[in-house]
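> Okay, handing you the structure first.
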Amino acid sequence: MGTAKVTCARCAVGGERYVGTVKDVAIVGGGVVGCAIARELSRYRLDVCLFEREVEVGFGTSKANSGIIHAGHHTTPGTLKADLVWRGNRLWRDLSDDLGFGFLQNGDLTVAFNEEELQTIEEIEEIGVQRGVTGLELWGPDRIHRKEPNVSRDALGALLGPTAAVVNPYEACFALIDDAVDNGLDLRVGAGVDDIEVEGDHLVVFAEGDRTPVRAVINAAGLFADRVSRMVGLDDLVIGARRGEEYLLDRRLAGIVEHTIFPCPTPTSKGVLVIPTFDGTIMVGPTADPVDDKEDLSTTTEGGDQVFERARRLVPGISERDCIAEFAGLRAIAPDDDFVIGPTSVPGFFNVAGIQSPGLTAAPAIAELVVGLLTTSGLDLDPKPELVTPAPRPVRVSELTVPELEMLAFRDCRYAHVVCRCELVTEGEIADAIDRGARSLDGLKFRTRAGMGRCQGGFCTSRCMQLLADAQDVPLSDVTKRGPGSWIVREREEVV
Ligand SMILES: Cc1cc2nc3c(=O)[nH]c(=O)nc-3n(C[C@H](O)[C@H](O)[C@H](O)COP(=O)(O)OP(=O)(O)OC[C@H]3O[C@@H](n4cnc5c(N)ncnc54)[C@H](O)[C@@H]3O)c2cc1C
């Protein structure tokens, strides 16, 4: 491999980075897919770097989804998506045990309202059984209403998928990337790849003025994978965007349902769902509308009306009056509606593209598949003898008992200073998030939940900004929402 072992700058406890003149692998894109691949590759004696154009990882589609780890029975048979979803489901469970991020196996219920839909859920059950999905059960109306009293009384039957779960997608991204970095990944954030050239037997990646020679490039650039593919002269990959609007409801509705509630799917969509999030709130959505603009993250009146009307059909107690936040995410869609994963006609250049839903679920299985493809292409994969023990999950004061909090605050009084009242987030948690790599208000929000509650940051934004500015020793006007171009305040101009 021609690599030399050096100690990773971030790891005092034996993390190793293998550095050669030509790197082994460059991953373009730090969404959940790129992070999962990076984490998998960091287990081998390889020199790997990841380029992410945003200021932190997980800021693309991976931050704006429903957070469901699908059970695996909803995905269309005969697709690559279907092959990877059930494996991904099982791998997430293991990853959450290893890395300590939150994972709640709440199960899902697909509800049928008429004879035709009853037949469809039986067919879906059959697909799931053939795929190996465990625990599927058909429920009649009595069982539905005993277990989920707030589901519509019009439901005639439902299919239970007990292995479905929910995660915080950004927490999962951070856990994957932190572990990869601890085990030697060279992470480059704020580093948009602007060109890739073929040079002899390797490729050269250009990002923000830097030139990085590599043996293999993994194109995991989400919506922009087609643009990255064109950099090596391939124009056969076309990625479209399908927008999904999601609506987050007040904690008042926590517990209205326990399972994630699905309508009976149509051949083109899983439909609008009622989702109990990992954090104990309820989310309804998403829509599925093709859009031309890959930066268009707007929500719309029509989208909101559609979501609430459909959500109410499943759970009549849901009301738009409880909405505290809304957002949209864009699914990256390849023309045949399936994942595009594999080598290309350019030696060393691999596409991992068109990763639409259930891409979050499939991500760890995609990472395994990519490692297999790299091995087949001749990359020598030698497991590291020792891996760094994953860092403990950050403290969440809102989850502590009063005596636990007292003990913690006694050791570090910053855990007694509340910054976000709605979500009960303290200065200690904010400082810890900054230590772990938060560089923007969104980075703090996704790591700690500060600003995610009922007042949506009305109370805590200025304090979070001050803590970020102090930690980075910069003026307040340098603090951004999500990186360059998203500044929040301007320096006061001198009035003469
Ligand atoms: C509304 C909605 C709901 C969903 N719900 C679910 C769900 O519940 N369960 C599920 O399994 N899936 C769900 N999905 C799908 C899931 O979110 C995606 O499949 C997944 O996030 C895709 O991850 P990714 O890493 O491929 O893409 P991304 O997260 O978009 O990552 C790609 C990264 O590449 C970076 N990038 C782009 N160009 C460059 C460049 N030139 N240089 C460097 N970096 C670059 C981007 O900044 C971005 O961070 C949902 C999707 C949407 C939109």
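> Leaving out ligands and nucleic acids, note down the accessible area per residue over segment 296-364 with a 1.4 angstrom probe, in whole Å².
I get 41 Å² per residue for this part.
> If Lys and Arg each add +1 and Asp and Glu each add -1, what is the summed charge of the other residues whose beta carbon sits under 15 Å from the beta carbon of Pro316?
Overall, the nearby charge balance is 0.
> Only loop residues by DSSP count here, and only those with at most 14 other Cβ atoms within 10 Å; note down the GluC sites (Glu not before Pro) in segment 266-311 that meet that.
Here the GluC sites (Glu not before Pro) that fit, given the DSSP loop and packing criteria, are Glu295.
> Continuing with the same structure: Taking 30 Å as the cut-off for C-alpha to C-alpha distance, list the pairs among Lys384/Lys481; Lys294/Lys481; Lys270/Lys384; Lys147/Lys270 that go past it.
Lys384/Lys481; Lys270/Lys384
> Compute the FRET efficiency between Ser486 and Asp380 as 1/(1 + (r/R0)^6), taking r as their Cβ-Cβ distance and R0 = 60 Å, and round to the nearest 0.05.
So, using R0 = 60 Å, E works out to roughly 0.90.
> Taking the Cβ-Cβ separation of Glu368 and Thr21 as r and a Förster radius of 25 Å, what is the calculated FRET efficiency to the nearest 0.05?
Details: r = 29 Å, r/R0 = 1.15.
After rounding, the FRET efficiency stands at 0.30.
> Right, here's the next one. Toward the positive end of the charge dipole of the chain, about the Cα centre and with charges on Cβ (Lys, Arg +1; Asp, Glu -1), which of Phe51, Phe349, Pro162 goes farthest?
Most positive-ward Cα: Pro162.
> May I ask you to give the percent of accessible area on segment 397-478 that is carbon plus sulfur, with a probe radius of 1.4 Å? Walk me through the intermediate numbers first.
Numbers: 2200 of 4130 Å².
It is 53 percent, rounded to a whole number.
> May I pose another question? Can you order the peptides 442-455, 181-194, 378-391 by their average number of other Cβ atoms within 10 Å per residue, highest first?
Final packing ranking: 442-455, 181-194, 378-391.
> How charged is the neighbourhood of Gly102? Take every other residue with its Cβ under 13 Å from the Cβ of Gly102, and add Lys/Arg as +1 and Asp/Glu as -1.
+1
> Taking the highest mean first, how do the peptides 311-317, 73-79 order by number of other beta carbon atoms within 10 angstrom per residue?
Highest mean packing first, the order is 311-317, 73-79.
> Calculate the length of the line joining the C-alpha centroid of segment 291-328 to that of segment 398-475, in whole Å.
Result: 29 Å between the Cα centres.
> So which GluC sites (Glu not before Pro) in segment 404-496 are both in a DSSP loop and have at most 12 other Cβ atoms within 10 Å of their Cβ?
Details: sites: Glu404, Glu406, Glu423, Glu427, Glu429, Glu491, Glu493, Glu494; in loops: Glu423, Glu491, Glu493, Glu494.
Sites meeting the loop and neighbour criteria: Glu491, Glu493, Glu494.
> Sticking with this structure for a sec: Roughly speaking, what is the stretch gain from Thr76 to Thr266, that is 0.36 nm per residue apart minus the C-alpha to C-alpha distance, in nm to one decimal?
Contour length minus the Cα-Cα distance gives 67.3 nm.
> Further question on the same structure: Mind checking which of Gly285, Ala311, Val425 is farthest towards the positive end of the chain's charge dipole, using Cβ charges of +1 (Lys, Arg) and -1 (Asp, Glu) about the Cα centre?
Ranked along the dipole, the leading option is Val425.
> Here's something else I'd like to know. Where Lys and Arg each count +1 and Asp and Glu each count -1, what net charge lies around Arg53 among other residues with Cβ under 10 Å from its Cβ?
Residues close to Arg53 contribute a combined charge of -3.
> Any chance you could check the Cα centroid distance between segment 215-267 and segment 138-185 for me, in angstrom?
17 Å
> Please list the equivalent ellipsoid semi-axes of segment 397-478, computed as the square roots of five times the alpha-carbon gyration tensor eigenvalues, in descending order and whole angstrom.
Output for segment 397-478: semi-axes of 21, 15, 10 Å.
> Then there is this: Determine the per residue accessible area of segment 397-478 with all protein chains present and a 1.4 angstrom probe, expressed in square angstrom.
Normalised by residue count, the accessible surface of segment 397-478 is 50 Å².
> Further question: For the chain, what does the alpha-carbon gyration tensor say about shape, rounded, prolate or oblate, given a ≥ b ≥ c as the root eigenvalues, a/c under 1.5 as rounded, and a/b over b/c as prolate? Please list the in-between numbers first.
On the way: a/c = 1.60, a/b = 1.16, b/c = 1.38.
Here the chain falls in the oblate category.
> Can you list the trypsin sites (Lys or Arg not before Pro) in segment 59-154 that are in a DSSP coil and have 15 or fewer other beta carbons within 10 angstrom? Before the final figure, lay out each step's value.
Numbers: sites: Lys63, Lys81, Arg87, Arg90, Arg93, Arg131, Arg143, Arg146, Lys147, Arg153; in loops: Arg153.
Those satisfying the criteria are Arg153.
> Continuing with the same structure: Under the 0.36 nm per residue contour assumption, what length would be gained going from the current alpha-carbon distance of Ser298 and Glu122 to full extension?
Values: separation 176, 0.36 × 176 = 63.36 nm, distance 3.68 nm.
Gain in length upon complete extension: 59.7 nm.
> How much of the DSSP beta bridge set in the chain is antiparallel, as a percent to the nearest 5? Show your work: numbers first, answer last.
Details: 57 of 77 bridges.
Percentage antiparallel, nearest 5: 75.
> Calculated from DSSP H runs of 4 or more alone, at -39500 (n - 2.57) each and per residue, what is the 222 nm mean residue ellipticity of the chain, nearest 500?
Rounded to the nearest 500, the figure is -9000 deg cm²/dmol.
> Just how large is the dipole of the chain about the Cα centre, in debye to the nearest 20, putting +1 at every Lys and Arg Cβ and -1 at every Asp and Glu Cβ?
The dipole of the chain has a size of about 920 debye.
The values are calculated or read from the model by the stated rules, or taken from the named source; none is laboratory data. These numbers were taken from a predicted model, which means no experiment stands behind them. Cβ: placed from backbone, ideal geometry, glycine included. Neighbour counts: every protein chain shown. Areas reflect the complete protein model, heavy atoms only, side chains present, ligands, DNA and RNA absent. Shrake-Rupley method; radii C 1.70, N 1.55, O 1.52, S 1.80 Å.
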